[in-house]
Amino acid sequence: MKRFQESLYRFMSGRYGSDQLNMFLLVLAIVLIFLNIFIFGNQILSWIVWIILIYEIFRTYSRNIYQRRIENEKFLSLISPIKKRYLVIKNNHNDRAHKYFLCPSCKQMVRVPRGRGKITITCPKCANKFDKKS
Ligand SMILES: [Zn+2]
């Protein structure tokens with residue numbers, strides 16, 4: 001078992017491994033597989049799933065770590081607005097004492113006390129002013 005671990009370690013050294021983009025691709029592939037089984041039953045969709053999985057495996061075992069990092073960073077900046085919007089919705093749901101907004105100009109999340117009526121919020125990051133109902 002120890003020898004197996006060592007050889008696995010040697011095989012993986014210098015290879016990229018997993019990151020957020022790979023996790024996303026894996027989850028996307030699984031979701032598409034289920035959608036295809038239960039709803040679409042589409043040949044083209046199953047090819048797309050294969051392409052996604054092959055790309056995911058290629059990225060995991062790639063030795064071009066620099067290029068894979070760039071891809072992951074692009075992916076993270078692409079999903080960042082969606083993530084922020086989700087966080088705002090989640091915080092607004094969980095935190096009953098405050099209300100959360102995204103600054104319209106720089107997308108910074110700002111928190112204000114709830115129930116103060118219509119207020120003007122100054123963004124702490126870019127000093128942009130915008131009106132919101134708290
Ligand atoms: Zn701002």
Quiz item: Which of the lysines could a cross-linker bridge to Lys107, judged by Cα under 22 Å and excluding same-chain residues fewer than eight apart?
Solution: Lys74, Lys83, Lys84, Lys90, Lys99, Lys118, Lys125, Lys129, Lys132, Lys133
Self-check item: Order by protection proxy (mean Cβ within 10 Å, highest first), peptides 16-29, 33-46, 55-68
Solution: 16-29, 55-68, 33-46
Quiz item: Pulled fully out, how much extra length does the chain show between Tyr86 and Lys132, if you take 0.36 nm times their separation in residues and subtract their Cα-Cα distance?
Solution: 14.7 nm
Quiz prompt | Full-extension gain in nm, Phe38 to Tyr66, via 0.36 nm per residue minus C-alpha separation | solution = 6.2 nm
Exercise. Could you tell me which of rounded, prolate or oblate describes region 7-82, using a ≥ b ≥ c as the square roots of the eigenvalues of the alpha-carbon gyration tensor, with rounded for a/c under 1.5 and, failing that, prolate when a/b is larger than b/c and oblate otherwise?
Key: oblate
Exercise. Give me the percent of the accessible area of the chain that comes from carbon and sulfur atoms, probe 1.4 Å, all protein chains in place.
Key: 64
Exercise. Might you tell me the accessible area per residue for region 95-134, computed with a 1.4 Å probe and given in Å²?
Key: 66
Self-check item: Theoretical ellipticity at 222 nm over the chain - DSSP helices of four or more residues, -39500 (n - 2.57) apiece, nearest 500
Solution: -19000 deg cm²/dmol
Practice problem: May I ask for log10 I(q)/I(0) of region 95-134 at q = 0.27, 0.32 Å⁻¹, from a Debye sum over the Cα atoms as equal point scatterers with solvent left out? | Solution: -0.89, -1.13
Self-check item: Semi-axes of the equivalent ellipsoid for region 38-106, Cα gyration tensor, largest first, Å
Solution: 34, 21, 10
Quiz item: Cα-based Rg of the chain per 2.2 N^0.38 Å, rounded to two decimals?
Solution: 1.55
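The values are calculated or read from the model by the stated rules, or taken from the named source; none is laboratory data. None of these values were measured; they are calculated from a predicted model. For neighbour counting, all protein chains shown are included, and Cβ atoms are generated from backbone atoms with ideal geometry for every residue, glycine included. Quick note on the areas: whole protein, heavy atoms, side chains included, nothing else; ligands and nucleic acids left out. Shrake-Rupley method; radii C 1.70, N 1.55, O 1.52, S 1.80 Å.
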